[in-house]
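K.L.:
There's a structure below that I have some questions on.
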Amino acid sequence: MAYILRANNKDYTVSYHALQRMIERSIPEEMIIAALENGSLIEQPHGNDRYEYQLYDEDLEDIVIVQVIVDEASQTIVTVMDVTE
C-alpha cells in the first residue's frame with residue numbers, strides 16, 4: 001500500500017526511501033506538507049524539484065531547515081533532508 005501525503009490540492013506518493021529518511025531524521029509529515037505548501041521552490045532544469053522550508057523550533061531554540069525533493073511528473077516525494085547547519 002502506498003503512503004500518500006496531500007498538499008497543494010495534490011496527492012503525493014512518498015517513496016520508501018523518503019519514508020525511511022523521515023523516520024531516521026525525525027521529520028514529521030506536517031513539516032513535509034508545510035514545505036510543499038509554503039516552502040521556497042527551487043526548480044531544477046534537469047531533475048527533481050526541491051522545496052525548502054524554514055521554521056523556528058522552540059524545543060531546539062533554533063531554526064530548522066528541511067528540503068523535500070519531488071519528482072513532479074509522477075508526484076512522488078523522492079527524499080527529505082534536514083539541512084540545518
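Every number here is computed from the coordinates shown, using simple stated rules; none is lab data. Bear in mind that the values here come from a model prediction, so they are computed numbers and not experimental data. Backbone-built Cβ (ideal geometry, glycine too); neighbour counts: all protein chains shown.
Yes/no per residue for (1) in contact (Cβ under 8 Å) with a residue 40 or more places away in the chain; (2) under 16 Å from Thr79 (Cα atoms):
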{"residue": "Ala2", "(1), (2)": "no, yes"}
{"residue": "Leu5", "(1), (2)": "yes, yes"}
{"residue": "Asn9", "(1), (2)": "no, no"}
{"residue": "Arg25", "(1), (2)": "yes, yes"}
{"residue": "Met31", "(1), (2)": "no, yes"}
{"residue": "Gly39", "(1), (2)": "no, yes"}
{"residue": "Asp62", "(1), (2)": "no, no"}
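K.L.:
I need the full set of residues from the stretch 73-85 which are free of Cβ contacts under 8 Å to residues at least 60 places away in the same chain and under 17 Å from Ala2 (Cβ atoms), in order please.
P.N.:
Selection gives Ala73 alone.
K.L.:
Name every residue in the stretch 12-34 that is surrounded by 13 or more Cβ atoms within 10 Å (Cβ to Cβ), small (Gly, Ala, Ser) and closer than 11 Å to Met81 by Cα, in order of residue number.
P.N.:
Matches in the stretch 12-34: Ala18 only.
K.L.:
May I pose another question? With Asp62, Asp71, Asp82, Asp49 as the choices, which residue is of a type outside the set (A, V, I, L, M) and surrounded by fewer than 12 Cβ atoms within 10 Å (Cβ to Cβ)?
P.N.:
Sole residue among the options that is of a type outside the set (A, V, I, L, M) and surrounded by fewer than 12 Cβ atoms within 10 Å (Cβ to Cβ): Asp62.
K.L.:
Just to be sure, is Val68 in contact (Cβ under 8 Å) with a residue 60 or more places away in the chain and of a type outside the set (Ser, Thr, Tyr)?
P.N.:
The answer is no for Val68.
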